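Just so you know, all these numbers are worked out from the coordinates, no wet-lab data involved. The shown structure was predicted, so the numbers you read here are calculated from the model rather than taken from an experiment. Virtual Cβ from ideal backbone geometry, glycine too; neighbours counted across all protein chains shown.
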Amino acid sequence: MIILIYILSAFFAVFYKTKRSLHMLQQNLYNENNRYLKWVRKNSKQFLDFDLVVLAISLIGVFVIFDLELISSLCILVMSAIWVFVGFKWNKVIENDQNKKKLVVTARIKRLIFTISILYAIPSIILGIYIGNPKMVWILIFILSLMVYLNSFIAFLAVLINHPYERGVYYYYLHQAKTKLKSMPNLKVVGITGSYGKTSSKNILADILNVKYNTLPTPRNLNTPYGLMITINNHMDKFTEIFIAEMGAYVRGEIKGLCNFVKPKYGILTRIGTAHLESFGSEENIQKGKFELIESLPSDGVGVLNRDDPKQVSYELKNNVKILWIGIDEEDVDVRATDIKCNHDGTKFNVIFKGDKKKYEFQTKLLGKHNVYNILAALALGREFDISISDLQQSVKKVKPVEHRLELKKLSNFFMIDDAYNSNPVGAENACKVLGMMPGTKVVVTPGMIELGEKENEYNKTFGEQISEVADYAILIGEKKTKPIKEGLLTKGFDKDRIIVFNDVRDAYPFIEKIATDKDVYALFENDLPDTYNEK
């Protein structure tokens, strides 16, 4: 009976620890480019927990108290109680983790759950067989305890075990998607990549091209091979005229692989920056990796580049595709925006098309100069697809804000500028500029930027300096992670009494609501720190 109690309590802890591990595996693309193992290494403090007490007791049981029946029983009950406590603790961690992006129970996750269950069932079944052998019981209790303690690695072991089957599934659906693409010779494929703004650019382009064409963009931020396969196999039909493929990458060669798959004829490069610098290894690798899209286009293809981006202007293309340049600061471009004005209603600007001296007024609900760049790229392709300027004007007006990307919302007694999905140096600077255009009291809520390699602290300090130029209050989420931001704020003489630090972003809302002012309050939420980096 006592052994049964121990097994049930251990599985209670396993349930929640496995849920956490699966969540992290899914967020880290099932360890693609060793992302999951890097997360485990960076979060090694999770192993300094009450699990160690159970391990210590079970190890003592193997060598010392295995033949002391009363003491053994008491020790097993103590360990059972600890497992129950650990289970409740991880349940609370999961609740905090999944505020932003929940675990999606896909077919692959179900297969992993099955494999993990088998791995934990093996020592439990053997334990039941050897119930009459005290020494063997304690050895098996130790093995089971060690497996619960190392749950992150057990989940990874399940990934390795399932790998051959998962590759088979991958190639099956890849073949299915390629077959469908080959059956649609008139389909126009547009690829979009860049360090920042891919999803926004994709959604803007889809909204604008839909005025004339039946357009299918990849949903949400599905920008991996799996995401493209899901879109093609499940959403593409014979009526689709234009397929817009968002393409993400963490290392060189990934964009090239996606292009070999969907074979785009048109390509848009948003901005090249330092996002995922750690995985790419260098800024040069990022530049070359992003240009894999343009260099994969056929000879009659069309690429859209930004002349205001030095990393795009300085790059020497290795193919001779037609290039359409967009810009705001540079005048020698094919599509240029001027007279940009931004307020709480959105953005107004004029557009000049090369060869046409007339200025055309455009209006959008979107905020920020970077969104104007995305619109210009869409207008360049829109003209390439023979959409009239009047239709383009109407479609731009109807472009929907992208969720969590400078999305203006009215919450309680303040306006929220939701830029929480992600953050990078360029995006953070743009967001601060947008906030600076707003009237009233201004607040920035942020945990800072991540995945910027050795320059992460430097960029966050600069971010703090940028915040100081526009904000009345700075709310920092996570004391340790936001130290560089605080340093940047204080360097610029920001009032230290208006720097507030919380460990949970949810604490920021009541604080903002209580700000005493007779003006409108605008709160910029810049980067909802991913679950893999939450500060506990």
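At a Cα cut-off below 20 Å, give the aspartates and glutamates reachable from K263, other chains included and same-chain residues fewer than 8 away excluded.
Filter leaves D237, E241, E246, E254, E292, E295, D300, E384.
Assuming R0 = 35 Å, can you tell me the calculated FRET efficiency for the pair M236 and K341, based on Cβ-Cβ distance, to the nearest 0.05?
Values: r = 39 Å, r/R0 = 1.12.
Efficiency, rounded to the nearest 0.05: 0.35.
Which whole-Hz ³J(HN,Hα) couplings does the stretch 191-206 yield from phi under the Karplus relation 6.51 cos²θ - 1.76 cosθ + 1.60, θ = phi - 60°, glycine and proline marked x?
Once rounded to whole Hz, the list reads x, 10, 9, x, 6, 9, x, 5, 5, 4, 4, 4, 5, 5, 4, 4.
Given R₀ = 45 Å, what would the calculated FRET efficiency be for V78 paired with L490, taking r from the Cβ atoms and rounding to 0.05? Could the numbers behind the result be given before it?
Values: r = 49 Å, r/R0 = 1.08.
Once rounded, the FRET efficiency stands at 0.40.
Please determine, in degrees from 0 to 90 and to the nearest 10, the orientation of helix 69-97 with respect to the longest principal axis defined by the Cα atoms of the chain, where the helix direction is its Cα long axis.
Relative to the chain, helix 69-97 is tipped by roughly 10 degrees.
Grab the alpha carbons of the stretch 1-141, take their convex hull, and tell me the volume per residue in Å³.
Values: hull volume 16.3 nm³, N = 141.
In the stretch 1-141, the Cα hull volume divided by residue count equals 115 Å³.
If contacts are Cα pairs under 8 angstrom and at least 6 residues apart, what is the relative contact order of the chain in percent? Don't jump to the answer; show the numbers that get you there.
Working: 899 pairs, mean separation 59.3, N = 536.
Worked out over the chain, it gives 11 percent.
Suppose every Lys and Arg Cβ carries +1 and every Asp and Glu Cβ carries -1, with no other charges. What dipole size does the chain come out with about its Cα centre, to the nearest 20 debye?
Numbers: 69 positive and 59 negative charges, 244 e Å.
In debye, rounded to 20, the chain gives about 1180.
Just to check, using Stokes-Einstein with a Kirkwood Rh over alpha carbon pairs, what's the diffusion coefficient of the chain at 4 °C and 1.567 mPa s in µm²/s?
Result for D is 50 µm²/s.
For the stretch 406-470, what does the relative contact order come out to in percent, with C-alpha contacts under 8 Å and a separation of six or more? Walk me through the numbers before you get to the answer.
Values: 45 pairs, mean separation 19.0, N = 65.
Over the stretch 406-470, the number comes to 29 percent.
Which angle between 0 and 90 degrees, to the nearest 10, do you get for helix 134-149 versus the longest principal axis of the chain when only C-alpha atoms count?
10 degrees
Could you tell me which of M136, A155, I71 has its Cα farthest along the dipole of the stretch 2-165 towards the positive end, charges placed at Cβ (Lys, Arg +1; Asp, Glu -1), taken about the Cα centre?
So the residue furthest toward the plus end is A155.
In terms of modelled amide H atoms, which long-range or inter-chain residues lie less than 5 Å from the amide H of N527?
The list, which skips near neighbours in sequence, is D419, A420, Y421, N422.
Please name which of Y196, L181, Y30 has its Cα lying farthest along the dipole of the chain towards the positive end, using unit charges on Cβ (Lys, Arg +1; Asp, Glu -1) and the Cα centre as origin.
Result: L181.
Over the stretch 184-397, what is the relative contact order in percent, taking alpha-carbon pairs closer than 8 angstrom and at least six residues apart?
21 percent
Could you line up H370, H344, H175 from fewest to most neighbouring Cβ atoms inside 10 Å? Don't skip to the end; give the middle numbers.
Working: H370 25, H344 15, H175 11.
Final ranking by Cβ density, sparse to dense: H175, H344, H370.
I need the peptides 125-137, 255-267 ranked by packing, meaning the mean over residues of other C-beta atoms within 10 angstrom, with the highest value on top.
Values: 125-137: 14.1, 255-267: 20.5.
So the order, starting with the most tightly packed, is 255-267, 125-137.
Principal axis lengths of the stretch 184-397 from Cα atoms, whole Å, largest first?
Its Cα atoms span 41, 41, 35 Å along the three principal axes.
Looking at I485, Y522, G355, which one has the Cα that reaches farthest to the positive end of the dipole of the chain (charges on Cβ: Lys, Arg +1; Asp, Glu -1)?
G355
Find how many whole Å separate the alpha carbon centroid of the stretch 232-300 from the alpha carbon centroid of the stretch 109-130.
Using only Cα atoms to place each centre, the spacing works out to 41 Å.
Hey, got the dipole for the stretch 407-533? About the Cα centre, +1 on K and R Cβ, -1 on D and E Cβ, debye to the nearest 20?
The dipole of the stretch 407-533 has a size of about 280 debye.
Charges only on Cβ, +1 for Lys and Arg, -1 for Asp and Glu: so what's the dipole of the stretch 184-397 about the Cα centre, in debye to the nearest 20? Don't skip to the end; give the middle numbers.
Working: 28 positive and 26 negative charges, 63 e Å.
Here the size comes out at about 300 debye.
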